[in-house]
Structures are given as C-alpha cells and as structure tokens.
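To keep things clear, I will list the structure first and then write my remarks on it.
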C-alpha cells in the first residue's frame, strides 16, 4: 500500500487504464466462458438430465467485472486529483475494499444454477448460500408461468411441503425442455398454468 502511495499517478496510469478498460470491455463475453467452465468443473455430473445456468449468473459476473473497472478508474483519478492538490493520498484502503466487494458477486454468480436428474430437482438462487432440493416423490404441485395469448412459457415451479424451486424455461434449450417433459410425464403431474399479461413480463 505504501509503494502505491509513493508511486506517481502518471506511472500507474498505463497499467490501471488498460486493466480497467479490459475488465469493462471483456465483461460482455468473459462471463459466459468463465461461468460455463467453472460450473462444469464444480458441478458437472453425467447423471444430470439438464443443467441450467440462469441469465442472472452471467449478468452478475459481468457486473462484478464492470464494478472492478470503475473502481480502478476511480482509484487512478482520485490519486491524480490528490497529487495536483499536493495532498497525501489516503483512499487506497477504501478502493481495495471496493474491489474486494466484487468477490462475493463472482461467487454468487458461479453458485447460481439449477439441475434436474433422476432423483429430483435442485438449485441455488442468486442470493442463497445453500442448495434447495426436492425429490420427485416429494413434489406436491407443479405450475408454470405462461404469457396470455401467445402461450409462451417462462418458468416451471416445483413445490413440496416446505420447498419451492422455480426453473427458468427457454424453448430453445431442448435439453431442459425434454427433462421437464420427462419428469411431468413420468410422474403424471397436472401442471397448473398461471397466466400473466405480456406487459408484466417485459417489466
């Protein structure tokens, strides 16, 4: 920290500017690569009928990268301002604290997923620290959110006596579509439709 405080802002500018720009620019495609690679390493199982990576996981990871880029720019500009005023720079610790705030966001993003297998459905919501699991035998109700008029399905929800897990639905994700159909047909559940106006989903 003392080394940073004693280094001129002009000397730090190339490294910090490059790092900040790279973090912000790559935040639009690195999350997809990072989330898929890390989640496959941590959670892959040949028993999965499907493994779902919600969009919030990618958005959260990208937001963490953008946040780090902004903090680096703030660090550089505040140091430049302090030097122009001939003042001792005292905000290094604060910016390090801000940078460290990105770490929990990365972890929450990586651990946000849903999966379906022969045993049941499980997943971790974005702000949760523990995995929810419902065995197929414990399912008491299955419902889905459907857009009025178009019959477009947005999600499936499985409920047991004490747990509820909502799976995002993407008709282009054929593996998940097949997994949901397989579970519903195997256990002969009656799926309850909850219709919502198109405008409500857009909001």
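Values as computed for the structure displayed
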| read-out | value |
| --- | --- |
| Evaluation of residue 89 against (1) over 21 Å from residue 168 (Cα atoms); (2) assigned to a helix (DSSP H, G or I); (3) in contact with a helix residue (DSSP H, G or I) (Cβ under 7 Å, 6 or more places away or on another chain); (4) in contact (Cβ under 8 Å) with a residue 40 or more places away in the chain (one fails), failing number | (2) |
| Number of the condition not met by residue 106 [criteria: (1) in the same structural domain as residue 42 (by TED's automatic domain parsing); (2) surrounded by fewer than 18 Cβ atoms within 10 Å (Cβ to Cβ); (3) in contact with a helix residue (DSSP H, G or I) (Cβ under 8 Å, 6 or more places away or on another chain)] | (2) |
| All positions within the stretch 117-131 that are buried (at least 17 other Cβ atoms within 10 Å of the Cβ) and out of contact with any helix residue (DSSP H, G or I) (no Cβ under 8 Å at 6 or more places or on another chain) | 117, 122, 123, 124, 125 |
| Residue tally, condition within 20 Å of the chain's Cα centre (by Cα), part of a loop (DSSP other than H, G, I, E, B) and at pLDDT 95 or above, over the stretch 173-203 | 1 |
| In the stretch 127-150, the residues that are assigned to a loop (DSSP other than H, G, I, E, B), without any contact (Cβ under 8 Å) to a residue 40 or more places away in the chain and either out of contact with any strand residue (DSSP E or B) (no Cβ under 9 Å at 6 or more places or on another chain) or closer than 16 Å to residue 117 by Cβ (or both) | 127, 128, 129, 131 |
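The values are calculated or read from the model by the stated rules, or taken from the named source; none is laboratory data. What you are looking at is a predicted structure, and each value in this text was computed from that prediction instead of being measured. Neighbour counts run over all protein chains shown; Cβ positions are idealised from the backbone, glycine included.
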